[in-house]
């Protein structure tokens, strides 16, 4: 009986050891086919190049260029990155591991930068971030009219270079290239840049209404909406971003409602004054999709009230910088302007996937899929 007990314990220990032991050739997800990281045993210190050369002689003894060394390491690890399409030759190295001083071999894999918090937050219902942003589209084929300070377009960060469509502030003259304030470029980056954008392949059309100090009037805003209504292409699914706020203007609200009726969903900022958004325009427009602010701890920030439909990231948003400081390619800013930009990008993805949808369809989808969080007055944008 004692012998049986001892043997049972030994067997259990061996099974546990076998399960805990990692394989010699370690497979990974998102493998770069043909690339391997060879890690040598500690005693190879200082002689990694020679050890790597010995491996290459085993993989390609006739020097037929069947394998190559991409990198050699002797400080971070003792190892090398090698490349060969002959999987059998890699398997062969396992039988020679002791001879060649190899500890293990790991498939080399692709690595992506962790997404900035705001993009990471909107493609999941939980605020425990997973470091990724995986939307169901990129806004291809959708026009976004950005009514703002302009867009600095000399960036390689746009899949589709934004169009300086019209400069309302200069009297509908030829567009003034660029952005002398920065607000519009930051919004454009959040809507559609490759690094910071929600919809990374959308068509951005700049409609400038502000001067370089960020000042304008409702007259310019209405003129911009008039121009869009007269010149937009009805055959291309479109959305408009109005990341701006001021006192209540019945005239501006009426113009915003006309856009909705014409098939272009107006997405507007709730404002940043810490007041009821219904006391501002265009947030008080009946048919505007109004976006409030979300902080990094899932707290609601800036303006509030029954006019707010959904909330989106609005604190510490990294996006593109503008021309006067272009040596610093990105800048961090906060406000419901950025929140509205996130929803604008989301609407572009929705329209890409459903190009015949009306503003009411897109609006209802955004509202119905938003994440309800206990303690918040409004749901959080969720991008499929």
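Bear in mind these aren't lab numbers, they're just calculated from the coordinates by the rules spelled out. Treat the numbers as computed from the prediction; the structure is a model and nothing was measured. Glycine also receives a Cβ, built like all others from the backbone with ideal geometry; neighbour counts cover every protein chain displayed.
Can you put 190, 84, 358 in order of Cβ neighbours within 10 angstrom, beginning with the fewest? Let's see the in-between values first.
Working: 190 31, 84 18, 358 13.
If I rank by nearby Cβ atoms, fewest first, I get 358, 84, 190.
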> Separation between the residue 230 and residue 212 pseudo-spin-labels, each 7 Å from Cα along Cα→Cβ, expressed in nm?
Replying inline: 2.9
> How far is it, in nm, from the label point at residue 31 to the one at residue 306 when both lie 7 Å from their Cα along the line to the Cβ?
Replying inline: 6.1
> Angle between the Cα long axis of helix 250-261 and the longest principal axis of the chain, 0 to 90 degrees, nearest 10?
Replying inline: 60
>> Under the 0.36 nm per residue contour assumption, what length would be gained going from the current alpha-carbon distance of residue 22 and residue 372 to full extension?
In response: 121.8 nm
> For the range 269-367, what class follows from the C-alpha gyration tensor (a ≥ b ≥ c being the square roots of its eigenvalues): rounded when a/c is under 1.5, otherwise prolate if a/b is larger than b/c, else oblate?
Replying inline: oblate
>> Distance between the C-alpha centers of the range 181-206 and the range 85-161? Whole Å please.
In response: 20
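Please order 53, 286, 115 by the number of other Cβ within 10 Å, starting at the fewest. Write out the running numbers ahead of the final one.
Numbers: 53 13, 286 10, 115 19.
Going from sparsest to densest Cβ surroundings: 286, 53, 115.
Over the range 117-369, what is the percentage of antiparallel beta bridges among all DSSP beta bridges, to the nearest 5?
Details: 11 of 37 bridges.
Once the DSSP bridges in the range 117-369 are tallied, antiparallel ones form about 30 percent.
Please arrange 280, 50, 217 by how many other C-beta atoms lie within 10 Å of their C-beta, fewest to most.
Numbers: 280 25, 50 10, 217 13.
Going from sparsest to densest Cβ surroundings: 50, 217, 280.
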> Does the range 24-109 come out rounded, prolate or oblate by the C-alpha gyration tensor, with a ≥ b ≥ c the root eigenvalues, rounded set by a/c under 1.5 and, if not, prolate when a/b is larger than b/c and oblate if not?
Replying inline: rounded
> Going by a ≥ b ≥ c, the root eigenvalues of the Cα gyration tensor, does the range 117-369 fall in the rounded group (a/c under 1.5), the prolate group (a/b larger than b/c) or the oblate group?
Replying inline: rounded
